[in-house]
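Take a look at the structure set out below.
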Amino acid sequence: MKLSKKAQRLLDYLAEYEEKNNGEMPTLGEIVKNCITTVKTLLSKTWPELENFAKFCVGDKK
């Protein structure tokens, strides 16, 4: 399964942020600013795509 550019950018950002900040997650505002996206796009397209990717990776068939 291949991710879109925005989803890949978000995944990379979240992984890097978590590593630098001892497991903490960024705020919605930080994600929007650093991933160059809008709240609408993030919540309606990019985040659901990442959730589907995670389910695919762990083999969740729900």
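Taken together, the values in this text are just the output of simple stated rules run on the coordinates, not laboratory data. As the structure is a computational prediction, the values presented were derived from the model and not from experiment. Note that we place each Cβ from the backbone using ideal geometry, even for glycine, and neighbour counts take in every protein chain shown.
Taken over segment 1-16, the residue count meeting the criterion of being without any contact (Cβ under 8 Å) to a residue 12 or more places away in the chain and either surrounded by 11 or more Cβ atoms within 10 Å (Cβ to Cβ) or part of a helix (DSSP H, G or I) (or both) is 5.
Across segment 17-55, the number of residues qualifying as among the aliphatic types (A, V, I, L, M) and assigned to a loop (DSSP other than H, G, I, E, B) comes to 2.
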